[in-house]
């Protein structure tokens, strides 16, 4: 701050873990809970999970569809990369990472997510939750 009327006396860092809104969950989940309860549940070779980014959301599609909502696109990319690194480091199979959904395919994914989860199109089109 460059205002001479105000002076910063001290600063503390808070180690509060990020929480993410997940469709189907009745509360916000942190990264470890997302990995345990959303990403690694019901894995099978017949039905591998797809992980995709759609605006400020991460879509995990497998036996059921989950959508994780982040604050903005940068946070979405960071969470996506953390999930991808976890899968690579732990050699988890049957999870495919597809990156950002191409503009042409977004309409299909909007419809699929809306039909399965009931989330409104207005919320799906947003690229920021704040």
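What order do you get for 115, 5 when you list them from fewest to most C-beta neighbours inside 10 Å? Don't skip to the end; give the middle numbers.
Working: 115 10, 5 5.
With the sparsest Cβ surroundings first, the list reads 5, 115.
Quickly estimate the mean residue ellipticity at 222 nm for the chain, helices only: each DSSP H run with n ≥ 4 gives -39500 (n - 2.57), and the total goes over all residues, rounded to 500.
Theoretical 222 nm ellipticity from helices: -8500 deg cm²/dmol.
At residue 98 and residue 122, where each label point lies 7 Å from the Cα along Cα→Cβ, what is the point-to-point distance in nanometres?
Taking the two extended label points, one gets 2.8 nm.
Determine the relative contact order of the chain: mean sequence separation of Cα pairs under 8 Å and six or more apart, normalised by residue count, in whole percent. Walk me through the intermediate numbers first.
Values: 154 pairs, mean separation 30.8, N = 130.
Relative contact order here is 24 percent.
Give me the extension gain from residue 19 to residue 6: residue separation times 0.36 nm, minus the current Cα-Cα distance, reported in nm with one decimal.
1.5 nm
Tell me the label only: which of (1) 1.84; (2) 0.98; (3) 1.24 is Cα Rg over 2.2 N^0.38 Å as calculated from this structure?
(3)
Relative to the longest principal axis of the chain, what angle (0 to 90°, nearest 10) does the C-alpha long axis of helix 106-117 take?
The answer is roughly 80 degrees.
What angle, in degrees between 0 and 90 and rounded to the nearest 10, separates the Cα long axis of helix 73-89 from the longest principal axis of the Cα atoms of the chain?
Computed tilt is about 60 degrees.
Mind ranking 38-44, 99-105, 68-74 by how tightly packed they are, going by the mean number of other C-beta atoms within 10 angstrom, highest first? It would help to have the intermediate numbers written out before the result.
Working: 38-44: 15.9, 99-105: 11.3, 68-74: 17.4.
Ranked by mean Cβ neighbours within 10 Å, highest first: 68-74, 38-44, 99-105.
Test of understanding: extend the Cα→C-beta vector of residue 40 to 7 Å, then name every residue of region 15-34 with backbone N under 12 Å from that spot.
Those under the cut-off are 32-34.
First measure r as the distance between the Cβ atoms of residue 90 and residue 26, then evaluate 1/(1 + (r/R0)^6) with R0 = 35 Å and state the FRET efficiency to the nearest 0.05.
On the way: r = 27 Å, r/R0 = 0.78.
The calculated FRET efficiency here is 0.80.
Could you sort the peptides 81-87, 61-67, 14-20 by per-residue average Cβ neighbour count (10 Å cutoff), highest mean leading? If you can, show how the numbers build up before the last one.
Details: 81-87: 15.3, 61-67: 18.1, 14-20: 10.1.
In descending order of packing, they fall as 61-67, 81-87, 14-20.
Any read-out appearing in this document is the output of simple, stated calculations on the displayed coordinates, not a laboratory observation. Model, not experiment: these values are computed from the prediction. Cβ coordinates were reconstructed from backbone atoms using ideal geometry, including for glycine residues, and neighbour counts include every protein chain displayed.
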